[in-house]
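The values are calculated or read from the model by the stated rules, or taken from the named source; none is laboratory data. Source: prediction; values computed, not measured. Counting neighbours? That spans all protein chains shown, and the Cβs are built from the backbone with ideal geometry, glycine included. Accessible surface areas use protein heavy atoms only, side chains included; no ligands, DNA or RNA. Shrake-Rupley method; radii C 1.70, N 1.55, O 1.52, S 1.80 Å.
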Amino acid sequence: MSKHDRKISVVGLGYVGLPVAVEFGKTQQVIGFDINPVRIEELKNGIERTNEVEPAELALSEILFTSDPVDLKKADFHIIAVPTPVNNAKQPDLSPVISASRTVGRQLKKGDIVVYESTVYPGATEEDCIPVLEQESGLKWLVDFNVGYSPERINPGDKVHTFTTITKVVSGDTPATLNCVAAVYESVVVAGVHRAATIKVAEAAKVIENTQRDLNISLMNELALIFNKMNIDTRDVLAAASSKWNFLNFDPGLVGGHCIGVDPYYLTYKAAVLGYTPQVILAGRSINDSMGSFIAAQTVKELIKRGQSVKGSVVTILGFTFKENVPDIRNTRVIDIFKELSDYGIDVQVFDPMSDAHEVLEEYGIELVADERDLKLSQAIVFAVPHQYFIEKNWSYITGLLENNQGVVIDVKAKLDRFSVPNGVTLWRL
């Protein structure tokens, strides 16, 4: 039974919004709104492309899937969970959350509460979003409606740390709002809630969670760059260092996606607006953003060492999503490897059983090889994303993609068995 009397809508039914809607939909009818009518029709038919929600759970939830904003009037507690990316200049792109604010604002009623889950810089909810709600609704904030902020903590592909099992940070513009927001989320989040002091505190907490992780990974990446020059295996070093009780175990690799590779820029942008130029955070971002080019350069070096002509050679990239076992291609840094190799005059082909070929073509202009049997035999393989699909196979699968079963294999996440490398194969791992 619900411990509140609020009628809930969720605006944005992607990786974040859909799991939220599904959990609330197990206890009451939820208005599930998305501007993409194709997504709405798929969900109505039980099709869930993000793989974040099991079909059985989707079927159990009472959700009115709609792309008609008028349906939002049926709710009085609106959760906005739309993406907040960065643009090509690495500056925050608030257009999705502003657009969602307009949509909700036009349907807002007296007594409604709007809660933002989208990642933003501290102050954005009050400075950027609330004025839009007021303008579109004609209502007055703190008089006619209230606002809260509860940052999403969804980890795509993670079936252990989910919406209900992760402590939910909640905040509100008044003590009464905070109590209401807390009660709503406590009704489904078994891990409980943490009441942040203010909306800005909750916004800041979300941003630094991923900034901290980004910096830790950037340190590992810089160490990998150094150890590569020393001809030392980075993973061996990390295994040895991890034997100490307080060593933080992070792995080097590509850092993309909608959170870790994006959120730090929200904080650095706001800091710059306030007259402070961040140094450590931006240095970490610079290192992580450079890893795709570094991996491509290593691929070229290994080809040259084998006496292989670089221009015109074929390189196969396995995996394109931003992380393993998810179909999410947002901000994938595999694109950096693709572009850099292509600039060398290399014929680059990509195979990823998890990716939607149409989305990849639309977003990045790359045509995926739909069937691995259509892959041209290559001189090098970049094992970029270790989907379980690939891990379950063995070295014979990898060598079968190489010309004459010989060539270069670049194992970005060090998932292949280095002690059973077939003859004629050169293995390099980050």
Of those in the stretch 379-395 that are in contact (Cβ under 8 Å) with a residue 12 or more places away in the chain and more than 16 Å from Val350 (Cβ to Cβ), the residue surrounded by the most Cβ atoms within 10 Å (Cβ to Cβ) is Trp395
Of the residues in the stretch 387-427, those that are closer than 21 Å to Glu372 by Cα and in a strand (DSSP E or B) number 7
When every residue in the stretch 396-430 that is open to solvent by less than 80 Å² (accessible area, probe 1.4 Å) and of a type in the set (Phe, Trp, Tyr) is compared, the one farthest from Asp251 (Cα to Cα) is Tyr397
In the stretch 138-162, residues that are surrounded by 13 or more Cβ atoms within 10 Å (Cβ to Cβ) and modelled with pLDDT of 90 or more total 11
Of the candidates Val326, Val360, Val350, Val334, the one satisfying the condition of being at pLDDT below 95 and of a type in the set (A, V, I, L, M, F, W, C) is Val326
The residue that is nearest to Gly257 (Cα to Cα), considering only those in the stretch 14-31 that are in contact with an Asp or Glu (Cβ under 9 Å, 6 or more places away or on another chain), free of Cβ contacts under 8 Å to residues at least 60 places away in the same chain and open to solvent by less than 80 Å² (accessible area, probe 1.4 Å), is Leu18
Discussion item. Would you confirm whether or not the stretch 368-378 contains a residue that is open to solvent by less than 10 Å² (accessible area, probe 1.4 Å), at pLDDT 95 or above and closer than 22 Å to Val255 by Cα?
Written reply: no
Restricting the stretch 1-13 to residues that are over 13 Å from Ala75 (Cβ atoms) and small (Gly, Ala, Ser), the one surrounded by the fewest Cβ atoms within 10 Å (Cβ to Cβ) turns out to be Ser2
So is Val181 more than 23 Å from the chain's Cα centre (by Cα), at pLDDT 95 or above and open to solvent by less than 10 Å² (accessible area, probe 1.4 Å) or not?
yes
Residue hits (the stretch 184-208; among the aliphatic types (A, V, I, L, M) and over 21 Å from the mean Cα position of the chain (by Cα)) are Val184, Val188, Val189, Val190, Ala191, Val193, Ala196, Ala197, Ile199, Val201
Restricting the stretch 42-75 to residues that are of a type in the set (Asp, Glu) and surrounded by 15 or more Cβ atoms within 10 Å (Cβ to Cβ), the one nearest to the chain's Cα centre (by Cα) turns out to be Glu52
**Item:** Any chance Thr174 is more than 24 Å from Pro122 (Cα to Cα), β-branched (Val, Ile, Thr) and touching a residue at least 12 places away in the same chain (Cβ under 8 Å)
**Value:** no
The condition from (1) within 28 Å of the chain's Cα centre (by Cα); (2) more than 20 Å from Gly253 (Cβ to Cβ); (3) modelled with pLDDT of 95 or more that Ser313 misses is numbered (1)
